[in-house]
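Peer 1: Mind having a look at this structure? Questions to follow.
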């Protein structure tokens, strides 16, 4: 029988195991068919499980659209319960391994390309040498992809540059890293203490494309100032942008930590941009809002925030730890 309006036949058994894995896969993939391919089962099996859960709950869990599905309010609540249950299981397994003197586990990190050198050189290398039994996966993504992956528990940690607020995601550490103009030491701007974005109008510029988080920041300032920058080169590759500056072809807009080795060696100079939005830009370490961290995840967060150059404040007092749990 089905549940009467205002009642439910749902039991604890309905909110455990395979059914929740199926439901999370549907939310993550955005379709029954996509979830079935990920789970390596027939679409009919996934559809049947979801329909049975809706039947017993007496509420729809999915909005069925012409191209895929989205969760209803009830669906979002069940998805959050499922993610929390997975987190709790991870914490229990991690604790039991600690009792056995083991440090086994896996961790998943997603970040933009600009973090990669800093992430490996100053955090991941030492972390894996200290905890060799931990397995790590590092994925690249855009800011929207990072936020979605963290919110949906597809990764444990996200590293992003001035991300917008996102439901289900919180920052556990923030460090101010202003956007800078990267130039050669003999460039006229190299002796400046700071620059306004408007001063770069008409200059030879290399910038990220408009879909990139860096460019979204400068676009907002351009709109506020009533100016328009026309880059000579657009690319999503941080390395390509860095090479443009090193070749002396013009000005590149990047945070200093993305080219720290070149700046330290004297090959490039980073001149901070003084526009408030760009001067207060920040690196953020992100986890899911309701996430309760395992010991391994706590260790990784500590390794990232104490080791990476991106979390070394650009000025005194600009780095703050928001939460450690």
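The values are calculated or read from the model by the stated rules, or taken from the named source; none is laboratory data. It should be emphasised that the depicted structure is a prediction, and the values quoted were computed from it without experimental measurement. Please note: Cβ atoms are built from the backbone with ideal geometry, for glycine as well, and neighbour counts cover all protein chains shown.
Peer 1: Could you tell me which numbered condition residue 134 fails, if it satisfies all but one of (1) at pLDDT below 95; (2) closer than 18 Å to residue 215 by Cβ?
Peer 2: Among (1) at pLDDT below 95; (2) closer than 18 Å to residue 215 by Cβ, residue 134 violates only (2).
Peer 1: I need the full set of residues from the range 268-299 which are free of Cβ contacts under 8 Å to residues at least 40 places away in the same chain and farther than 19 Å from residue 157 by Cα, in order please.
Peer 2: The one that is free of Cβ contacts under 8 Å to residues at least 40 places away in the same chain and farther than 19 Å from residue 157 by Cα: 276.
Peer 1: Test residue 303 against the criterion of being farther than 24 Å from residue 144 by Cα, at pLDDT 95 or above and assigned by TED's automatic domain parsing to the domain that holds residue 162, and give yes or no.
Peer 2: Yes; evaluated as a whole, the condition is true for this residue.
Peer 1: Here is a follow-up. Please verify whether residue 253 is assigned to a helix (DSSP H, G or I), under 16 Å from residue 218 (Cα atoms) and either touching a helix residue (DSSP H, G or I) at 6+ places or on another chain (Cβ under 8 Å) or free of Cβ contacts under 8 Å to residues at least 24 places away in the same chain (or both), treating the condition exactly as stated.
Peer 2: Working: assigned to a helix (DSSP H, G or I): no; under 16 Å from residue 218 (Cα atoms): yes; either touching a helix residue (DSSP H, G or I) at 6+ places or on another chain (Cβ under 8 Å) or free of Cβ contacts under 8 Å to residues at least 24 places away in the same chain (or both): yes.
No, not satisfied.
Peer 1: Here is a further query. Out of all the residues in the range 155-166, which are surrounded by fewer than 18 Cβ atoms within 10 Å (Cβ to Cβ) and touching a residue at least 40 places away in the same chain (Cβ under 8 Å)?
Peer 2: Passing the criteria: none in range.
Peer 1: Here is a follow-up. Return the total of residues in the range 199-211 being within 30 Å of the chain's Cα centre (by Cα) and either in a helix (DSSP H, G or I) or surrounded by fewer than 21 Cβ atoms within 10 Å (Cβ to Cβ) (or both).
Peer 2: Residues in the range 199-211 being within 30 Å of the chain's Cα centre (by Cα) and either in a helix (DSSP H, G or I) or surrounded by fewer than 21 Cβ atoms within 10 Å (Cβ to Cβ) (or both): 4 in total.
Peer 1: Evaluate the following for residue 236: is it crowded, with 18+ Cβ neighbours inside 10 Å and either at pLDDT below 95 or not in a helix (DSSP H, G or I) (or both)?
Peer 2: The answer is no for residue 236.
Peer 1: Another question, if that's okay. From (1) within 22 Å of residue 276 (Cβ to Cβ); (2) without any contact (Cβ under 8 Å) to a residue 12 or more places away in the chain; (3) within 27 Å of the chain's Cα centre (by Cα), pick out the condition that doesn't hold for residue 226.
Peer 2: (3)
Peer 1: For the range 110-192, give me every one of the helices (runs of 4 or more DSSP H) that falls completely inside it and has 1 or more residues that are farther than 30 Å from residue 82 by Cβ and within 16 Å of the chain's Cα centre (by Cα).
Peer 2: Answer list for the range 110-192: 116-119.
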